[in-house]
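Values in this text are rule-based calculations from the coordinates and carry no lab data. Keep in mind that what you see is a predicted model, and the values were worked out from it rather than measured. Methodologically, a virtual Cβ is constructed for each residue, glycine included, from the backbone with ideal geometry; neighbour enumeration extends over all protein chains shown.
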Amino acid sequence: MKYTPPLQTIPAEIVCLDDYQRYAKDFLSHDIYEYIAAGTADEQTLNRNRSAFANIELTPRVLRDFSSGSTQISLLGHNLAHPFLLAPLGYQQLCHASGELATAMAADAMDTAIVVSTLATASLEDIAAQTNAPKWFQLYFQARREDTLSLVTRAEAAGYTAIVLTIDAPLSGLRNRAQRAGFYLPPEIQAVNIPASAEFSQAGAPGVNPILQQLMALAPQWQDLRWLKQHTKLPIIIKGVINPNDAKRIADMGMDGIIVSNHGGRCLDGLPASIDALPAIRQALGDDFPLLLDSGIRRGSDILKAIALGANAVLIGRPQAFSLAVAGALGVAHMLRLLKEELEITMALCGCPQITDIDRNCLFTPG
Ligand code: FMN
């Protein structure tokens, strides 16, 4: 892979997360940019993830006492400096030679919790060593249970404090934009934590439907959640839930948290925006169940809106890839700082000194 050298200082005109996306076009080859930016099919869900946030209006509340103002939250036994985490993004060496190691350094600098993907291009132990911030490990079930278990055991030993099991991507959606751009994974970009044979084991057998039978035969099912629970003491957070009935069933099985997510519009086109799916899921789970959300968060105000509608915290996907491509660890740290400042300003103007003050009263309802 040839990389465009990342910047050593941040240009003054990068002032928000979308600026990183615009800038990243000059630092990534066209096909890699399209692979990251794309949603699946017609990108209805991808677009909805943004327009749904734009359609939610805020109500300002003034003259409040901010002497104890803070963005801190408590989640699954951790005190987090702010209610946003870095979402799991695979193959980060597509963006920068140091990939996930640089992202973890940025997470450390900004005291931001990180979720490391099964498809990381650095070893999960090396990534863990780069940051003192809380770290969770994102698990994709492997074809063989011993391979799945080996990932979980390694994550436990390396100091990860939760398993995030992604269930909405048993196969990857067809990202037509990436297809048109001719994207393929360069051979030197490898998911080094999983056995090479496990990564793209999609060879067809005669008479077997490659999608409905072969790929889906490897996909996890409800009983696998129970199996996982029996094999780790770490809390398990299920990522990729949009349906409130599924959410209820997951909670009833004793899972420890849920991430409302449509995978950034990358799996099934036609799904609602995650933020639109959130209220019904919060209602199904009750007030105390740990609930996170991702897909489309680009502004501090989006974070406040998600919390107002029932999320405890959110995750940031593509902006970490774009900021990583533009300026490595410095870029990711700067991106996180922009988000933190935006969140603080939004809290100040909405009259919420603490995250626990954010509720539906922050949202505007006409009439
Ligand atoms: N989700 C996973 O659970 N595991 C992954 O390995 C993973 N890789 C991703 C790679 C890319 C390039 C992108 C854009 C997303 C990936 N996701 C993965 C989904 C993200 O964790 C997250 O759900 C999504 O990006 C959130 O939407 P946003 O990009 O609009 O913030």
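Given the peptides 263-269, 339-345, arrange them by the average over their residues of other C-beta atoms within 10 Å, most packed first.
Peptide ranking by packing, descending: 263-269, 339-345.
When only Cα pairs below 8 angstrom with a gap of at least 6 residues are kept, the chain shows a relative contact order of 29 percent. Counting neighbouring Cβ atoms within 10 Å and putting the fewest first, the residues ASP65, ASP18 line up as ASP65, ASP18.
By the Cα gyration tensor, the chain has an equivalent ellipsoid whose semi-axes, rounded to whole angstrom, run 30, 25, 21 from largest to smallest.
Amide H contacts for PHE84 (H built 1.01 Å from N in the peptide plane; partners 5 or more residues away or on another chain; cut-off under 5 Å): VAL314. Note on TRP227, TRP222, TRP136: ascending count of other Cβ atoms within 10 Å places them as TRP222, TRP227, TRP136, the fewest first. Close lysine pairs were tallied over the chain: pairs 8 or more places apart or on different chains with Cα atoms under 16 Å apart number 6.
Look at the alpha carbon pairs under 8 Å that are at least 6 residues apart: their mean separation over the length of segment 94-187 gives a relative contact order of 24 percent. One Cα centroid belongs to segment 1-71, the other to segment 77-149; the line between them spans 19 Å.
For LEU75, the amide hydrogen comes within under 5 Å of the amide hydrogens of LEU80, counting only partners 5 or more places away or on other chains and with H modelled in the peptide plane.
Ordered by the number of other Cβ atoms lying within 10 Å of each residue's own Cβ, fewest first, THR71, THR59, THR131, THR365 fall into the sequence THR365, THR59, THR71, THR131.
Computed from point charges on the beta carbon alone (+1 for Lys and Arg, -1 for Asp and Glu), the dipole magnitude for segment 112-164 about its Cα centre is near 100 Debye. Hydrodynamic estimate: the Kirkwood radius of segment 1-82 over Cα pairs, inserted into Stokes-Einstein at 20 °C and 1.002 mPa s, corresponds to D of 123 µm²/s. Principal axis extents of the Cα atoms in segment 274-364, from largest to smallest and rounded to whole angstrom, are 41, 26, 21.
Using C-alpha pairs under 8 Å with a sequence gap of at least 6, the mean separation divided by the residue count of segment 9-139 gives a relative contact order of 17 percent. Put simply, the amide H of LEU363, placed in the peptide plane, has neighbours under 5 Å in THR59, leaving out anything fewer than 5 places away on its chain. Evaluating 6.51 cos²θ - 1.76 cosθ + 1.60 at θ = phi - 60° for every residue in segment 219-234, the Karplus couplings come out as 6, x, 10, 3, 5, 6, 5, 5, 4, 5, 4, 6, 10, 9, 8, 5 Hz, glycine and proline recorded as x.
Scalar couplings 3J(HN,Hα) for segment 249-254, obtained by applying the Karplus form with A = 6.51, B = -1.76, C = 1.60 to θ = phi - 60°, are 5, 5, 5, 5, 7, x Hz; x denotes Gly and Pro.
The string of couplings for segment 22-37 from the Karplus curve (6.51, -1.76, 1.60, θ = phi - 60°) is 4, 5, 4, 4, 7, 10, 10, 5, 4, 5, 6, 4, 5, 4, 6, 6 Hz, one whole number per residue in order, with x for Gly and Pro.
How many percent of DSSP beta bridges within the chain run antiparallel, rounded to 5? Spell out each step's value before the answer.
Details: 4 of 28 bridges.
Given both bridge residues lie in the chain, the antiparallel proportion sits at roughly 15 percent.
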